[in-house]
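The next block holds one structure in the form of C-alpha cells; read it before the comments.
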Amino acid sequence: MSKAVRWQSWDGEGLEHMVFSDRPKGAVAEGALLSGGEARFAARYELTCHPDGRVAEARVAVVGGPQISLQSDGDGLWRNSDGKRVPALVGASDVDLSASPVTNMLTIRRLGLAEGESQEITAVYVRLPDLEITLDRQRYTCLEAGRRYLYEAVDGTFKAEIETEDNGLITLYPGLFRRVS
C-alpha cells in the first residue's frame, strides 16, 4: 500500500512531496523537496528500510549538486556507495534528513513507543544542501500514543513536539513543517 503526502516548510516557501510504501520486505519513502528561505535548493531522496524499520539504504541527491548513498546492515554498520565501511557511523540505527520530517516519521514508526515511554537513538544526520554527514544523539518521548511525540537533541540544542496520525505520518512539526492537503 502506498500513500502520498505533502509538507510545507513553516515559512511557506518550501514544499516536499513524499510517497510512502509499506512493503513486506521493508518500508520505502521516496520524495522530492524544494527548500525555501536563504539556502534555496531542490533534492530528491529514497529511504529503504529493513523489515524491523531500521534504515537499510539512504540515497539523497541535490539537484545540480552532491549526492550520497549509504547502506546499513541494520546492526549499526554502514557502507558508502563504493561498498566501503564508514567507521564514523558505527552504531547509528536511523537517518535524519535536516530538511524533511520523513525521517522523524520513520523513527517514530520503528520505535512504537507507548505513552510516557522514551528512547534514545543515534542517527546519521544528513545536512542539506551540502550533504555533510555527522552522528546525532536523539531522544523520542511518546506524549500521546499515535498522536504526539517530543523530539529532543540529547545535547539540549533542540526540541519540538511533533504531531502525527496513527500511522506515524507527521502532520505538524512546529517551526519547521506542516502537512498540506
Restricting the search to segment 79-122, which residues are in contact with a Lys or Arg (Cβ under 8 Å, 6 or more places away or on another chain) and among the small types (Gly, Ala, Ser)? Ser93, Ser98, Ser118
What's the number of the condition Arg23 fails, among (1) within 14 Å of the chain's Cα centre (by Cα); (2) basic (Lys, Arg); (3) in a loop (DSSP other than H, G, I, E, B)? (1)
State all residues of segment 114-160 that are touching a residue at least 60 places away in the same chain (Cβ under 8 Å) and in contact with a helix residue (DSSP H, G or I) (Cβ under 9 Å, 6 or more places away or on another chain); if no residue qualifies, say none. Val124, Val126, Ile133
Restricting to segment 97-124, what's the tally of residues that are polar (S, T, N, Q), within 14 Å of Leu176 (Cα to Cα) and surrounded by 23 or more Cβ atoms within 10 Å (Cβ to Cβ)? 3
If you scan segment 73-111, which residues turn out to be hydroxyl-bearing (Ser, Thr, Tyr), closer than 12 Å to Ala123 by Cα and more than 11 Å from the chain's Cα centre (by Cα)? Ser93
Boolean, Leu135 is among the hydrophobic types (A, V, I, L, M, F, W, C), in a strand (DSSP E or B), surrounded by fewer than 19 Cβ atoms within 10 Å (Cβ to Cβ) and under 15 Å from the mean Cα position of the chain (by Cα): yes
Considering only strands (runs of 3 or more DSSP E) fully contained in segment 48-107, which possess at least 1 residues that are of a type in the set (D, E, K, R) and touching a strand residue (DSSP E or B) at 6+ places or on another chain (Cβ under 7 Å)? 55-62, 94-97
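Laboratory data are not the source of any read-out in this text; all were calculated from the coordinates shown. The structure presented is a predicted model; accordingly, all values stated were derived computationally and were not measured. With ideal geometry, Cβ positions are generated from the backbone for all residues, glycine too; neighbour counts draw on all protein chains shown.
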